[in-house]
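Trainee: Below: one structure in structure tokens.
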Amino acid sequence: MDAHRQALATYDPDIEAAIAGEERRQVDGVEMIPSENYTYPEVLAALGSVLTNKYAEGYPGRRYYGGQEFTDAIERTARTRARKLFRCEHANVQPLSGSPMNQAVYFAFLKPGDTVLAMDLSHGGHLTHGAPVSHMGKVFNFIRYKTHPEQGGAIDFDDLMRMAKESRPKLVLCGYSSYPRDYDYAAFKRVADEVGALTMADISHIGGLVAAGTMRNPFDAGFDVVTTTTHKTLRGPRGGLILCKKEHAPAIDSAVFPGLQGGPHMNNIAGAAVTFKKAAESEFRAYAEQTMKNAKVLAEALMADGASLVTGGTDNHMMVVDTVKSFGVDGRVAQEALDKIGITTNKQVIPDDPLPPVRPSGLRLGTPACTTRGMGEDDMRKIAAWMVSALRAPEDEAALARLKKETEALCHRYPVPGID
């Protein structure tokens, strides 16, 4: 135990015990939530640095506090690396997380009541894309398009064009939190251009895959704004990143600060800078490719064993299982059964789900975290078999206990970065 952790253990053993417990949980189990990952030891060092002590309200060269020599250098480095990584003209690295990141874009270009065309939440969209329960859904007029799950999750762009011409949106938004396919960004751009709308892509879940070149980059289709979180597939600290054309930089920057938030978290920005450097290396591309290979094999193994997947497979790092159709249990029961065998997933709504979000019909899972640990295709086949066994007998405690031992044995072969 390092000196800082030892000091914490001495002063506040309750918190130290909880941290140690979480470390054991991460080491002993398979993390399959597609929005979670293990960050780099170098990022953990930046997050726990003295940068957390420093207020840096404003932007490099235009701060409202003194003593900014090193914070300015860090933020400039982060912005430069982000622009190069995603091949864009401007980057704002200050958003504190994904939700305020997207909110800043809305407030940069829209007035209350303006219309946005975005994906329906149950079909894979995100809460910040105008779900009725969100504040943004109350401030702006979101028109929600849907997918065709029976056609592999296809989007009907003729229908999308019709919706756009009827609603005349100011912004056409594509992005998702539970959609296992890639996007045809050029088709979205054609719809937006037809009605004079701006284009925005939220690639929070696939940011690392886009950075590595294993999935399409919206800027190649001429998008105006792209947002992504810096964790998930990027493996960085928890934060947000807004990328855009140079012409939009003033509106974006003023929407973030002073429009929406105050002082940035400089320790997170330093961690993000390290992450962008890592993501530009060949090792990261190999990681992204393996993440997608693992997802494909996991999906195929699950379907071969009777699981019904929303969209019938995956083109990225995630998949959604219809657990009601496949195993006769709702997503919460499925999640809890897998927790008992050391496989962490999350319950998930499916398109037009007849069940409520607290007990939805589906289960979302993905491969970024287990791939970070070094797991490969053969491991995915084993995990799929264990999952199916648990979901077919979610109340068989003896069987679940046996499966948990097998999970732990597998996990102990693969270290977790940053945990000794």
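Trainee: So, in the range 343-364, how many residues would count as being in a loop (DSSP other than H, G, I, E, B), buried (at least 22 other Cβ atoms within 10 Å of the Cβ) and not aliphatic (A, V, I, L, M)?
Mentor: So the count comes out to 4.
Trainee: Now a separate question. Going by the structure shown, is PRO264 surrounded by 20 or more Cβ atoms within 10 Å (Cβ to Cβ) and not assigned by TED's automatic domain parsing to the domain that holds CYS370?
Mentor: yes
Trainee: On the given criteria, is LYS165 assigned by TED's automatic domain parsing to the domain that holds GLY113, basic (Lys, Arg), surrounded by fewer than 21 Cβ atoms within 10 Å (Cβ to Cβ) and modelled with pLDDT under 95?
Mentor: Spelling it out, it is not the case that LYS165 is assigned by TED's automatic domain parsing to the domain that holds GLY113, basic (Lys, Arg), surrounded by fewer than 21 Cβ atoms within 10 Å (Cβ to Cβ) and modelled with pLDDT under 95.
Trainee: Okay, next question. Against the conditions (1) in a helix (DSSP H, G or I); (2) within 17 Å of MET32 (Cα to Cα); (3) touching a helix residue (DSSP H, G or I) at 6+ places or on another chain (Cβ under 6 Å), where does THR311 fall short? Just the number, please.
Mentor: Every listed condition holds for THR311 apart from (2).
Trainee: Only one residue in ILE343, ILE419 is at pLDDT below 95 and under 23 Å from the mean Cα position of the chain (by Cα), so which one is that?
Mentor: One residue alone meets the criteria, ILE419.
Trainee: Read through the list (1) part of a helix (DSSP H, G or I); (2) not assigned by TED's automatic domain parsing to the domain that holds PHE257, then give the number of the only condition that ASP72 fails.
Mentor: Checking ASP72 against (1) part of a helix (DSSP H, G or I); (2) not assigned by TED's automatic domain parsing to the domain that holds PHE257, the one that fails is (2).
Trainee: Next up: Check whether at least one residue in the range 287-294 is crowded, with 17+ Cβ neighbours inside 10 Å and under 18 Å from ALA82 (Cβ atoms), and report yes or no.
Mentor: Within the range 287-294 (the criterion being crowded, with 17+ Cβ neighbours inside 10 Å and under 18 Å from ALA82 (Cβ atoms)), the answer is yes, since at least one residue qualifies.
Trainee: Within the range 242-289, track down each residue that is in a loop (DSSP other than H, G, I, E, B) and either under 29 Å from THR214 (Cα atoms) or free of Cβ contacts under 8 Å to residues at least 12 places away in the same chain (or both).
Mentor: Matches in the range 242-289: LYS245, PRO258, ALA280, GLU281.
Trainee: Listed residues ALA384, ALA337; which is aliphatic (A, V, I, L, M), assigned to a helix (DSSP H, G or I) and surrounded by fewer than 23 Cβ atoms within 10 Å (Cβ to Cβ)?
Mentor: One residue alone meets the criteria, ALA384.
Trainee: Right, here's the next one. Considering only residues that are of a type outside the set (A, V, I, L, M, F, W, C) and touching a residue at least 12 places away in the same chain (Cβ under 8 Å), look in the range 136-153 and name the one that is farthest from ASP322 (Cα to Cα).
Mentor: By that ranking, first place goes to ASN141.
Trainee: Shifting gears a bit: Select, from VAL133, VAL172, VAL139, the only residue that is crowded, with 20+ Cβ neighbours inside 10 Å and either within 25 Å of the chain's Cα centre (by Cα) or over 30 Å from SER308 (Cβ atoms) (or both).
Mentor: That would be VAL172, the only listed residue that is crowded, with 20+ Cβ neighbours inside 10 Å and either within 25 Å of the chain's Cα centre (by Cα) or over 30 Å from SER308 (Cβ atoms) (or both).
Trainee: Look through THR80, THR115, THR39, THR128 and report the one residue that is among the hydroxyl-bearing types (Ser, Thr, Tyr), surrounded by 23 or more Cβ atoms within 10 Å (Cβ to Cβ) and in the same structural domain as ALA201 (by TED's automatic domain parsing).
Mentor: Exactly one residue qualifies, and that residue is THR128.
Trainee: Now for a separate question. Quick one: GLU23 ticks every box in (1) in the same structural domain as ALA255 (by TED's automatic domain parsing); (2) within 24 Å of the chain's Cα centre (by Cα) bar one, so which box is it?
Mentor: (1)
Trainee: Let me ask something else. Would you list the helices (runs of 4 or more DSSP H) that sit entirely within the range 93-176 and hold 1 or more residues that are charged (D, E, K, R)?
Mentor: Result: 135-139, 157-167.
The values are calculated or read from the model by the stated rules, or taken from the named source; none is laboratory data. These numbers were taken from a predicted model, which means no experiment stands behind them. Using ideal geometry, Cβ is built from the backbone for each residue, glycine included, and neighbour counts are taken over all protein chains shown.
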